[in-house]
Amino acid sequence: MKIYVNVNMMKIRQFFALALSIGIAATATAQQQEQFSIVTLNVDGLPQKIWFANVNAEGPGSAGSVRIGQYLLKKGYDLIFVQEDFNYHEELTILLEEDYRFDTWSGDVGVDGHKIDLLHLQNHRFECDGLGAFWKNAISVTDTERTAWEKSFGKFSHAADEMVTKGYRRYDVTLPGGTLLTVYNMHMDASSEIDEIEGKDGPDREARLSEWLQLKDDILTRLGSHPVIVVGDLNSYYSRDQIKAQFIDAIESTGRGTVKDVWVELEKNGAYPAPVDGVVCTDDPANILDGETLDKIIYINPTTGTKIQAVSFSLDQEGYKHDGKMMGDHYPLAATFIVGDRKDTGIETVQSLKEEVPSYYNLNGQRIGQPAKGVTIEVNGKSIRKHIIK
């Protein structure tokens, strides 16, 4: 951590007294905290065609899935969680094989290799969930577990959720520094815009609520002394679904842990969107509702034990494009975490100096050449500007 202060010679003593009074820390953190990055993205891996029928003609297909793999390799996230990894798994992962290890692929959607009773299609369900995880070689993942949702809705309508075996996967993750995490990756029941407009989306909302409750119960059954992260295509908006009351508040009410959504914490100053009446769903996968997407990164810190903290959030709307089009079904949602609590600088609310001065000194009274008004703090390579009361 570097701190530079803009003062003139006549004000050095006054400045140091003021600096001490507002608690500016002049020493760097002795030990760097372990950190890790995580990303969730729907890779839109449904087949473009089955026989002669268009299924997902606008999807990325084989070539587009390779490009998504190139994107992930370039980004170098520590933990990658995907949804709809169905028919182009090899194309998606081929470039990642040297740097990452993979979860078990559950299979594709199609007619080859599947027994399908064409006379009773209403009874058919593909036994694949489309969920996958890739993790850097230095990370260890054990006790992978796959669970289907107890309730879903829609076979040939309502986004056809029951055509595949949607659910969640749970992973016990050990970071290179020895920190243990549990991560849940999932794909929840979807709604369509037309069903919501026509007031027919009730069964979809009921299915999602059941899935949130099922997830909550599983987390609380296992919640111990290490953090839990929930990621995935949750098909949920805070303004539409009861996530806050039935999941977040319900877990916190047990007194066993605290729950935060990274987007809400870092982009919305901790304020969750309020429920609204009317249509909030959209069939446009690029739509962002007040900055919120259908994808989420939520984390739970146990009351006692290891804790993590989100320090960055990103939704890559610019880098995740090819020929001007989004490469997958949703933009990648990513976050960076540190293990433990963030080290505060100790600087309180301050105002800027009223004048520019030609001389610059650090807190040890040494003259420096970098001109800067106020205080610059470098934390993990990022500069944060602060000003001192005159």
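Considering the zone a paramagnetic label at ALA274 would reach in this model (a point 7 Å from Cα along the Cα-to-Cβ line), which residues of the stretch 208-244 have amide N under 14 Å from it?
239-240
Please give the solvent-accessible surface of ARG205 in Å², to the nearest 10, using a probe radius of 1.4 Å with every protein chain present.
Counting only protein heavy atoms, ARG205 exposes about 80 Å² to solvent.
Going by average Cβ neighbours within 10 Å, how do the peptides 263-273, 242-252, 130-140 rank, with the highest at the top?
Result, highest mean Cβ count within 10 Å first: 130-140, 242-252, 263-273.
The values are calculated or read from the model by the stated rules, or taken from the named source; none is laboratory data. The structure displayed is predicted, hence computed values, not measured ones. Positions of Cβ are generated from backbone atoms using ideal geometry, with glycine treated the same way; all protein chains shown enter the neighbour counts. For accessibility, only protein heavy atoms count, side chains too; no ligands or nucleic acids. Shrake-Rupley method; radii C 1.70, N 1.55, O 1.52, S 1.80 Å.
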